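Inspection log for the structure reproduced underneath, given as structure tokens.
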Amino acid sequence: MMTLTTELLAKDIMTPGARCIGENDSLETAARLMADLDIGSLPICGEDGKLKGMLTDRDIVVKAIANGHAADTTTAGALAEGRPFMVDTEDDARHVLELMQEHQVRRIPVIDDHVLVGIVAEADIARRLDAQDTGETVERISR
């Protein structure tokens, strides 16, 4: 395990190759992609290629299906709320953890030159950082 005393960057702890769902794609398409990739969330990318937000499997169920919205006609962009949080590949890992803790998010997209290149999730932190950093981050996210 690594500690944050070394010069770790977002690119050192992220899972590379993140996929996104288009803002105009249906929730049904998003759910199928999540199932195919065995993941629970996807970044939402706009027509301009910029990150618009994050979509989780819980969002699909609680914000859409439970409220009577059809998964085949409701778009991923319809569930994008607020300003998306993201980090750059060259951002310090400490900054990544602070953002996740401050905004209580379990995943944060990583961009390089405005293009999505990866995701840092709680599991990445647990795999790549020491127990103290992992425990502190999970505790502060879960408050």
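The values are calculated or read from the model by the stated rules, or taken from the named source; none is laboratory data. What you are looking at is a predicted structure, and each value in this text was computed from that prediction instead of being measured. In this analysis, Cβ positions are derived from the backbone assuming ideal geometry, glycine residues included, and neighbour counts consider all displayed protein chains. Areas reflect the complete protein model, heavy atoms only, side chains present, ligands, DNA and RNA absent. Shrake-Rupley method; radii C 1.70, N 1.55, O 1.52, S 1.80 Å.
Scalar couplings 3J(HN,Hα) for segment 95-107, obtained by applying the Karplus form with A = 6.51, B = -1.76, C = 1.60 to θ = phi - 60°, are 4, 4, 4, 4, 4, 4, 5, 4, 9, 6, 10, 8, 9 Hz; x denotes Gly and Pro. What you get for segment 1-65, charging only the Cβ of Lys and Arg (+1) and of Asp and Glu (-1), is a dipole of about 120 debye around the Cα centre.
Mind checking Rg over Rh on segment 82-142, alpha carbons, Kirkwood formula for Rh?
On the way: Rg = 11.1 Å, Rh = 11.6 Å.
Rounded to two decimals, Rg/Rh equals 0.95.
The calculated FRET efficiency for the pair Glu102 and Asn24, based on their C-beta separation and a Förster distance of 25 Å, comes to about 0.25. Charges were assigned to the Cβ only: +1 to each Lys and Arg, -1 to each Asp and Glu. The resulting dipole of the chain about its Cα centre is roughly 400 debye. Within segment 16-72, all pairs of alpha-carbon atoms sorted by distance into 5 Å bins from zero give the percentages 4, 21, 31, 26, 14, 4, 1.
Label-to-label distance for Arg32 and Asp72 is 1.1 nm, based on points extended 7 Å past Cα in the beta-carbon direction. This structure gives mean projected area of the Cα convex hull in nm², computed directly, and of (i) 8.4; (ii) 10.5; (iii) 7.5 that value is listed as (i). In the chain, the longest principal axis of the Cα atoms and the axis of helix 27-37 are about 40 degrees apart. Counting only protein heavy atoms and a 1.4 Å probe, the chain has 55 square angstrom of accessible area per residue.
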